[in-house]
Structure formats: C-alpha cells, structure tokens
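Please read the structure below before turning to the comments.
All of the numbers you see were taken from the coordinates with simple rules; none came from a lab. On a predicted model such as this, the values are computed, not experimentally measured, just so you know. Cβ sites come from the backbone with ideal geometry, for glycine too, and all protein chains shown count toward neighbours.
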Amino acid sequence: MVPSIIKTVITFFESSKTPITYIVALTLGFKLFRWYVAGGVCVSKKRLDGKTVIITGCNTGIGLETAKELSARGARIVMACRDIDKAHKASEIVKKFSGNSDVSVELLDLASLDSVRKFAENVNNDEARIDILINNAGVMMCPKWRSDDGYEMQFAVNHLGHFLLTTLLLDRIKESAPSRIINISSFAHYGESINFEDINSDQSYSSIYTYNQSKLANILFTKELAKRLQGTGVTTTAIHPGTVKTELSRYVRAWFRPFYIFMKTPLQGTQTTLHCALDERLDTVSGKYFSDCAEKQPSRAAMNMEDAKRLWELSEEMVTKATK
C-alpha cells in the first residue's frame with residue numbers, strides 16, 4: 001500500500017508545473033518515505049508494575065529508548081552497562097522520562113567473561129526476580145580486536161558474553177515465569193554461516209563477516225535456547241531492530257553517513273523489542289525471529305538446528321575454558 005502511495009506522489013511530482021507544487025509534492029513524498037522506513041509500532045498497552053527488566057548496553061541508542069519505555073510502564077529497570085558514568089547519566093534520563101525512580105545501574109563488560117560472572121552473581125543475590133532479559137549490547141565492524149579472554153571481539157561481545165549471561169541468570173528467570181528473553185540480532189545474518197573451524201578469525205579477518213556471523217549466532221542461540229526452555233514458561237525471541245542511527249555504527253560512520261536518511265530513529269528502532277517484550281499474543285511464542293513487529297523468516301543457516309546445538313556446545317566450551 002505504502003509503495004503505491006509513494007509512486008502516486010512521484011507521478012504527481014513529475015507532472016507538476018509550478019515551483020510551489022514541486023515543493024509540496026517533494027515534502028509529502030519525503031514524509032511518506034520516512035513513515036515507511038520507520039516500520040512497525042508496538043501496540044501493546046501492557047503494564048509491568050512489579051516486574052524486573054534487565055537490559056544490556058542501554059546507556060544510549062535503542063537500549064536507552066527501551067529502558068525509558070519499559071520504565072514508563074512501571075518496571076524495575078536494571079541497566080547493565082560497561083561505562084558506568086554514562087549509565088548513571090542515562091539512568092537520570094530514564095527516571096525523568098518515566099517518573100519511575102526504580103532504576104538500577106550495574107557494571108557489565110561483555111568483553112570480559114569475568115565481568116559477566118560478577119554481574120550475574122550480584123543480580124542473582126540482589127534481584128528477587130527477572131521477568132525480561134534483553135540482550136541488547138553490541139559492537140559492529142570494529143577493528144581486529146580481542147576480548148579480555150582472547151576471543152574475537154564481535155563474537156565475544158555480541159554472542160559469547162550474552163550466552164554466558166543468559167545461562168547464569170536462567171534459574172532466576174525460570175523462577176519468575178512467565179518470563180521472556182530477547183536477543184538483538186540483525187538482518188545482516190543473511191548469507192552467512194558459522195565458521196566453526198576459525199571461530200576467532202585467526203586465519204582471516206573481515207569486520208563485516210565477523211559482525212554478520214555474530215548476528216547469525218544470536219539467532220542460532222535463540223533457537224537452541226527455545227528448545228531447551230520448552231515447558232518452563234520462559235520464551236525467547238531474536239529480533240532485527242532495523243537499520244538505526246545510533247553509536248553502534250561508530251567504526252563505520254563515514255560509510256553510513258550518506259544513508260542516514262534511510263535509517264530509523266532509536267525510538268523507532270526499539271519498537272520490535274517492545275513488541276516482543278510486551279505483546280500478550282506472544283506469551284507462548286518462542287524461538288522465532290521478528291522484524292518490524294512481525295514474525296519473519298530468518299536465513300536457511302539460521303534454521304540449522306544441528307549448527308545451533310554445535311554452537312551451544314562450542315560456547316559452553318569457550319566460556320569454561322576462559323575460567324582456567
């Protein structure tokens with residue numbers, strides 16, 4: 001429907017004869033285009049009073065918008081962030097926006113499995129419940145860096161850290177059922193596969209490929225996690241938030257600048273996260289992939305349950321090895 005409307009506007013624009021008509025048609029066309037790019041909107045009015053939500057990497061971007069929106073619905077928000085100073089400033093933004101002062105800031109550096117363990121220990125000791133875990137933090141197309149544990153940075157932060165975090169919090173999440181786990185993936189997972197033989201990109205490194213691989217890992221993790229959570233009352237989904245103008249693109253900002261017009265705002269980018277966290281119609285939906293607030297078909301590689309199981313076992317081995 002929307003593309004046909006845009007086509008009509010373009011036709012009108014092409015047939016216009018006066019400057020003012022050109023301007024009106026161009027303005028209308030741009031507004032329609034921006035509306036189309038924005039994608040789906042979460043329509044749930046659900047309240048979260050008495051519920052606890054943990055969000056990783058939420059001092060900026062879609063994570064911050066997610067924290068604001070869920071705090072406004074009455075949830076207790078635990079902001080799990082690497083930069084504590086920025087997180088405390090962000091927490092004040094959340095409180096002011098929502099009028100809800102129940103916001104906690106905790107140190108979590110996903111590039112350090114030791115930090116993940118300390119965070120999980122603190123949460124398990126201090127939080128009586130975990131109703132929603134949103135694995136939102138990430139790094140995109142960074143240089144060839146290593147995590148504190150010696151793993152390729154994008155795989156370590158985007159997948160491995162969240163894998164360990166989720167498994168360490170899983171008992172508390174199960175105790176809080178019905179509860180939900182949301183993993184932020186990306187459409188960038190299409191066309192890739194997991195290179196199990198060179199998971200750390202020791203033989204070759206491409207910042208684009210390793211990012212895409214880590215986003216595929218998010219979906220495979222979601223698939224295997226859903227399988228293991230059957231009958232527990234805990235559901236898990238993976239989402240593509242859209243192409244959003246945030247600090248995630250800091251390492252490739254020069255590439256992205258010409259495309260800013262095509263990008264969502266952080267508030268628009270968080271709509272699918274909110275949909276999967278709140279919508280009552282998803283109470284029993286698990287292991288699925290969402291984009292623009294609707295279930296979508298992921299890539300063929302993301303549906304490979306043998307790879308999902310193999311990735312889980314490899315991830316367990318890697319996080320265990322890091323303790324030795």
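Given the convex hull over the Cα atoms of region 102-258, what projected area results after averaging over all orientations, in nm²?
10.2 nm²
Could you run the Karplus curve 6.51 cos²θ - 1.76 cosθ + 1.60 with θ = phi - 60° over region 62-71 and give me ³J(HN,Hα) per residue in whole Hz, x for Gly and Pro?
Karplus-based 3J(HN,Hα) across region 62-71 equals 5, x, 5, 5, 5, 4, 4, 5, 6, 5 Hz.
What shape does region 43-321 have by the C-alpha gyration tensor, where a ≥ b ≥ c are the square roots of the eigenvalues, rounded means a/c under 1.5, and otherwise prolate means a/b greater than b/c and oblate the rest? Working shown, then result.
Working: a/c = 1.33, a/b = 1.21, b/c = 1.10.
The shape class here is rounded.
I'd like the Karplus ³J(HN,Hα) series for region 289-305: coefficients 6.51, -1.76, 1.60, θ = phi - 60°, whole numbers in Hz, and an x wherever there's a Gly or Pro.
Ordered by residue, 3J(HN,Hα) equals 10, 10, 8, 6, 6, 9, 5, 10, 8, x, 5, 4, 4, 6, 9, 7, 6 Hz.
Which residues among region 280-324 fall inside the zone where the amide N is under 14 Å from a point 7 Å beyond the Cα of D114, along Cα→Cβ?
322-324, by backbone N distance to the label point.
Amide H neighbours of L48 under 5 Å, at least 5 residues apart or on other chains, H built in the peptide plane: list them.
G74, A75
Amide H of D149 versus every other amide H placed in the peptide plane: which residues, excluding those fewer than 5 positions away on the same chain, fall under 5 Å?
For D149, the qualifying residues are L113.
Can you pull the one-decimal nm distance between simple spin-label points at S193 and K144, each 7 Å off the Cα toward Cβ?
Going by the 7 Å Cα→Cβ label model, 2.3 nm.
Once label points are set 7 Å from the Cα along Cα→Cβ at both D102 and V43, what is their separation, rounded to one decimal in nm?
Spacing of the two 7 Å Cα→Cβ label points: 2.9 nm.
Among C276, C293, which comes first, second and so on when ranked by fewest other beta-carbon atoms within 10 Å?
C293, C276
Working out 0.36 nm times the residue gap between K321 and E92, then minus their Cα-Cα distance, what length gain in nm do you get to one decimal?
Length gained, K321 through E92: 78.6 nm.
What full-extension length gain, to one decimal in nm, is calculated for Q297 and A128 as 0.36 nm per residue of separation minus the Cα-Cα distance?
Numbers: separation 169, 0.36 × 169 = 60.84 nm, distance 3.58 nm.
Extra length available between Q297 and A128 comes to 57.3 nm.
According to a simple spin-label model (label point 7 Å from Cα along Cα-to-Cβ), what is the distance in nm between S204 and D85?
The two pseudo-label positions are separated by 4.1 nm.
Whose amide H sits under 5 Å from the amide H of I130, counting only residues 5 or more places off or on another chain, with H placed in the peptide plane?
S176
Grab the beta carbon distance between K309 and T265, set R0 = 35 Å, and tell me the FRET efficiency rounded to 0.05.
Details: r = 38 Å, r/R0 = 1.08.
E(calc), rounded to 0.05, equals 0.40.
Sort region 52-147 into rounded, prolate or oblate with this rule: let a ≥ b ≥ c be the square roots of the eigenvalues of the Cα gyration tensor; rounded if a/c is under 1.5, and if a/c is not under 1.5, prolate when a/b is larger than b/c, oblate otherwise.
Values: a/c = 2.06, a/b = 1.35, b/c = 1.52.
Oblate, since a/c reaches 1.5 and b/c is not below a/b.
Using Cβ counts within 10 Å as a stand-in for footprinting exposure, how do H88, H189, H159 rank, fewest first?
On the way: H88 14, H189 25, H159 29.
Placing the least packed residue first, the sequence is H88, H189, H159.
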